[in-house]
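Contents: one structure, followed by commentary.
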Amino acid sequence: MASLRGYLLEVLTKYQIEKTKSFKDNQLANFIRQEANNGIPQHFLDRNEYKISASCGQGQWAEIPWMGIFFKDISVSAQKGYDIVYLFCADSQGVYVSLNQGYTFYKERFKGESPKEKIKKVSKYWSAKLNLIKDSNKLGFTTDPIQLHASGKKDLPEGYELGNIYSKYYSLEDLKTIDTSTLLKDLEYLIMVFTELRALLPENYEEFNYRIVHDTSTFDLEKEIAEKNLELDIINPQVGKKVEIPKNLQLNETLTHGKQRRKPNYENELKRNTKQGVLTETIALEIEKNRLEMNPMLKKYSERIIHVSVDEGDGAGYDIQSFDYDAATGDVIEYYIEVKSTTGGIDTPFYLSENELQVAREKGKQYSIYRIFKNAQNKWDYYVLNDPFYNIEYKPIQYLVVPK
């Protein structure tokens, strides 16, 4: 009888070889179907409430084998409803445990009406509404998209990816050192999240999903998710490191031409309403304070840094007034900092107002942009763009910006 760890490893290490063989009566195919229930101890899940099953294809090998845990009152298959599912990547290099939803419902209910967008919206809804879901947590669960590495755009693999609500990834190398008790602890946590979802789910989940799709604003959901995740950041912000300015970035022409569908003042609203701006400006203030304290010529000025956007408002064209040392003249000079942040990655363009651009031109080398962004570990990394007026490429949207 295989443990959960043994079951996952058996599939990952043998699937690539076995799927080149006949599917009928294949030993691994039988193992996947028959041993799934044994991988989860009987005392861990009440089999009167939960069904455990697995599939590696119907008559032929599936590109993405899976093992699912289904709450019987909601769903007993991976096609419809909500479930917890272990999804094995097509290259057998890892497996996700995912709180997921069946894509078949969306294909049938919203045929010809962009069903992929509909299932993504419902995933966002639960990311926003479930209190146990944060952007990431100490166990390693995340709301990030999952990547199953399937060939082409096939409905089932893409449906699994789009249906993901909350997940954790285990690489093949991880599973060689991790123990079953850790895997079960992770599963127990995801069952808690699933239980919260079930408590909020009406009896007719299909009609509820339909109402989410038609009565809920994607913009409002994204804002709610950002607010929730940033509240956690404010309590315990995770600061990363200074990195090199990215090279060879280009502006996406589709963002700079034609009708703009984004809501007006989105950045301002996100920056202030979700506290992202205040949080990242506070991070920049701490970085600046440390920089000044480490420089004997500037140390006494570290307590004179001004948080301009808080003390005086947003109209100055910069967020922080600090100090720098001019080695050519031996003078201490004023230094102006505009903070631009994103929960996206280092390559994400950012917006400058007309006023900020003009102040950058006037201040020249005394003006810098602190670009603060989330890294893969969910920490705030940053780079500093000095004298940005002459070191950016921009388009007049407001101004959409990348370093050049």
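General observations
- Members of segment 136-173 found to be farther than 26 Å from G344 by Cβ, at pLDDT below 95 and not basic (K, R), listed by number: S151, G152, D155, L156
- Pairing residues of segment 9-31 that are closer than 16 Å to W66 by Cβ and surrounded by 12 or more Cβ atoms within 10 Å (Cβ to Cβ) with residues that are modelled with pLDDT of 95 or more and among the acidic types (D, E), at Cβ distances under 7 Å and at least 6 apart in sequence or on separate chains, gives L28/E18; F31/E10.
- Scanning segment 88-106 for residues that are surrounded by fewer than 21 Cβ atoms within 10 Å (Cβ to Cβ) and out of contact with any strand residue (DSSP E or B) (no Cβ under 9 Å at 6 or more places or on another chain), we see that the one that is modelled with the lowest pLDDT is T104.
- Where L132 falls short, out of the listed (1) in contact with a helix residue (DSSP H, G or I) (Cβ under 8 Å, 6 or more places away or on another chain); (2) more than 20 Å from Q377 (Cα to Cα); (3) surrounded by 13 or more Cβ atoms within 10 Å (Cβ to Cβ): (2)
- Taken together, I346, I392, I320, I333 contain a single residue that is more than 29 Å from T143 (Cα to Cα) and modelled with pLDDT under 95, which is I392.
- Taking the criterion of being in contact (Cβ under 8 Å) with a residue 60 or more places away in the chain, within 25 Å of the chain's Cα centre (by Cα) and either on the phi > 0 side of the Ramachandran plot or in a strand (DSSP E or B) (or both), the residues of segment 374-397 that qualify are N378, W380, D381, Y382, Y383, V384.
- Filtering segment 304-317 to residues that are modelled with pLDDT under 90 and among the charged types (D, E, K, R) leaves D311, E312, D314.
- Residues that are out of contact with any strand residue (DSSP E or B) (no Cβ under 9 Å at 6 or more places or on another chain), surrounded by 13 or more Cβ atoms within 10 Å (Cβ to Cβ) and of a type in the set (D, E, K, R), drawn from segment 290-314: E293, D314
- Answer residue from segment 129-164, given it is in contact (Cβ under 8 Å) with a residue 24 or more places away in the chain and of a type in the set (G, A, S) and is farthest from P41 (Cα to Cα) among those: S151
- Residues within segment 28-45 that are among the β-branched types (V, I, T) and either modelled with pLDDT under 95 or closer than 17 Å to L183 by Cα (or both), tallied: 1
- Scanning segment 165-205 for residues that are loosely packed, with under 15 Cβ neighbours inside 10 Å, over 19 Å from P41 (Cα atoms) and touching a helix residue (DSSP H, G or I) at 6+ places or on another chain (Cβ under 7 Å) gives L200, P202.
- The residues on offer are S123, S75, and the sole one that is at pLDDT below 90 and polar (S, T, N, Q) is S75.
- Residue list for segment 38-47, filter: among the polar types (S, T, N, Q) and either touching a residue at least 24 places away in the same chain (Cβ under 8 Å) or buried (at least 16 other Cβ atoms within 10 Å of the Cβ) (or both): N38
- Any hit, segment 350-360, residues being over 30 Å from E222 (Cβ atoms) and among the charged types (D, E, K, R): no
- Members of segment 315-367 that are crowded, with 22+ Cβ neighbours inside 10 Å, free of Cβ contacts under 8 Å to residues at least 40 places away in the same chain and small (G, A, S): S322
The values are calculated or read from the model by the stated rules, or taken from the named source; none is laboratory data. Just so it is clear, the structure is predicted and the values come from calculations on it, not from any experiment. Cβ coordinates were reconstructed from backbone atoms using ideal geometry, including for glycine residues, and neighbour counts include every protein chain displayed.
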